[in-house]
Every structure is written in structure tokens, then in C-alpha cells.
1. Those residues that are outside any strand (DSSP E or B) and either hydrophobic (A, V, I, L, M, F, W, C) or surrounded by 12 or more Cβ atoms within 10 Å (Cβ to Cβ) (or both), I need them from segment 56-65; list them, please.
2. Out of the residues in segment 79-95 that are out of contact with any helix residue (DSSP H, G or I) (no Cβ under 9 Å at 6 or more places or on another chain) and at negative phi, which is modelled with the highest pLDDT?
3. Tell me which residues, restricted to segment 108-143, are closer than 14 Å to TYR78 by Cα and either among the polar types (S, T, N, Q) or buried (at least 17 other Cβ atoms within 10 Å of the Cβ) (or both).
4. Which one is modelled with the lowest pLDDT among residues in segment 37-55 that are part of a loop (DSSP other than H, G, I, E, B) and over 19 Å from ASP189 (Cα atoms)?
5. How about segment 166-178: which of its residues are surrounded by 15 or more Cβ atoms within 10 Å (Cβ to Cβ) and either aliphatic (A, V, I, L, M) or in contact (Cβ under 8 Å) with a residue 60 or more places away in the chain (or both)?
6. Mind telling me which of the residues LYS186, LYS163 ends up being touching a residue at least 12 places away in the same chain (Cβ under 8 Å) and either of a type in the set (D, E, K, R) or buried (at least 19 other Cβ atoms within 10 Å of the Cβ) (or both)?
7. Is it the case that THR75 is surrounded by 15 or more Cβ atoms within 10 Å (Cβ to Cβ) and under 27 Å from GLY37 (Cα atoms)?
8. For segment 107-115, indicate whether the set of residues that are free of Cβ contacts under 8 Å to residues at least 40 places away in the same chain, touching a Ser or Thr at 6+ places or on another chain (Cβ under 8 Å) and assigned to a strand (DSSP E or B) is non-empty.
Amino acid sequence: MQTKKVLIGLFFMFSFCVHLNAQNDMRDSVHKKWFLGSTMFLLGNFDQVNPPNFGQLNFGYRITSKDVVSLEFITWKYAWPLGINPIFNKSYGKTEEKFPGYIREFGIGLVYQRFIWKGLYASVHVMPMIQSFVNENGVKVDNGFHIFNTNRIGYHFKFFNNKFFIEPSIGIAGRPYHSKMPDGFKQKDDKWAKYTPEPGLHFGFNF
């Protein structure tokens, strides 16, 4: 669980650091329309138990000072049900909860972010995802589809004359819809909740 410790540590470290700098940074009046970004979940690729081969790119546009829309391009794979939160649930990584293989996913999501007060924001992420179910021999056994949804609340901190930002957040992530899974995968997935808490730490560059 080295990756879990690193993610938790980075989350609190960045939250503390940005708090110290937020007062001055939020005085910045420079407004930039476009941004590119990603997430600190990239560090999960160092996980020794369930490396996700995770990749994410965010491309966004600030419609107004309060309304932001963006696209999220994401891919990952996982061998344990998404309902087992790797930070809060000790069942993550246990052999008896593992899928008979893994699921690889690709998706393009739409995000709407609304600023409520200063840097405080709420956001909704909706992502249709195509799935490939792969058995323990590395052979694809089926295809699938689900909608991955996350609702977040967080704070936006600006740095370096609004060229760089980070957004620590907490959210609820889950699947309002998914197609039928193949046998073996379905039995494991059905044991767990469809929604779980999810901390986040997005970052990006404005231009």
C-alpha cells in the first residue's frame, strides 16, 4: 500500500502549502480562458498490488469567471471492483476479492465546474467508458460499457500569475449505469457498492 500512503501524504501536503499561499494568489486578476491538466492519481501507476496503467488529460475552457467546462481523456485498468476503495477499504488487494483477470477502460468525459465563493467550487464529471474484460491468461473475453460519474467539491488555488493551479477536492464516484459483466467479474463486482468516496488533487496550466 505504498502508493496509498504517498497519495494521502501528497494530498495533505499540497492542501497545507496552498493554504499558506492562497491569500496572495487569489488577488491575481489575470484571467486565462484555456487550460491543460491532469491528476495526481498518476502516482497510482507505482502501485505494486494493482498498477492501473493510468493516464489522464484534461482540456478546459473558462466560459466566465464562475463557469468552466472541460473534457477528460482517461484510460486505466483494474483487477479489483471499483467499489473497493483503495484508501478506505482493507479488502482492496486481497486475493479473494480479485477479478479473474482485469478490466481495461477508455473514456472521454464532460465536466462542468461552478465556482461558488472565491476558489470554492462544485463540479460534476460524467464519463462514458468502453470496457475490455481480459482473463488471467491475457485473453479478451468480452466487451462492456459503463457511465462513470463523480461529484466533487474542492478549492482552486492559483500560482505564478495564474499560470499554474491545483485543486484539492473530495468527491463521490460511481456508476449510475453499466452493461452486464461476464461471469466471474459480475459475481465479484456485485458484492460492492456502486458509489464510493474519492479524494482528488487535480493540477493544470492556464494559457
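1. To start, the set of residues in segment 56-65 that are outside any strand (DSSP E or B) comprises 63-65.
Matches in segment 56-65: ILE63 only.
2. This residue is ALA79.
3. MET129, GLN131, SER132, PHE133, VAL134, ASN135
4. Filtering segment 37-55 for residues part of a loop (DSSP other than H, G, I, E, B) gives 47-54.
With the extra rule that they be over 19 Å from ASP189 (Cα atoms), the set shrinks to 47-48, 53-54.
Details: ASP47: 85, GLN48: 81, ASN53: 94, PHE54: 96.
In this case the residue turns out to be GLN48.
5. Hits for segment 166-178 are ILE166, PRO168, ALA173, GLY174, ARG175.
6. Answer to the check: LYS163.
7. yes
8. First, pick out the residues of segment 107-115 that are free of Cβ contacts under 8 Å to residues at least 40 places away in the same chain: 108-109.
Subset that is touching a Ser or Thr at 6+ places or on another chain (Cβ under 8 Å): none.
Scanning segment 107-115 turns up no residue that is free of Cβ contacts under 8 Å to residues at least 40 places away in the same chain, touching a Ser or Thr at 6+ places or on another chain (Cβ under 8 Å) and assigned to a strand (DSSP E or B).
The values are calculated or read from the model by the stated rules, or taken from the named source; none is laboratory data. Predicted model only: the values in this text are computed from it and were never measured. In this analysis, Cβ positions are derived from the backbone assuming ideal geometry, glycine residues included, and neighbour counts consider all displayed protein chains.
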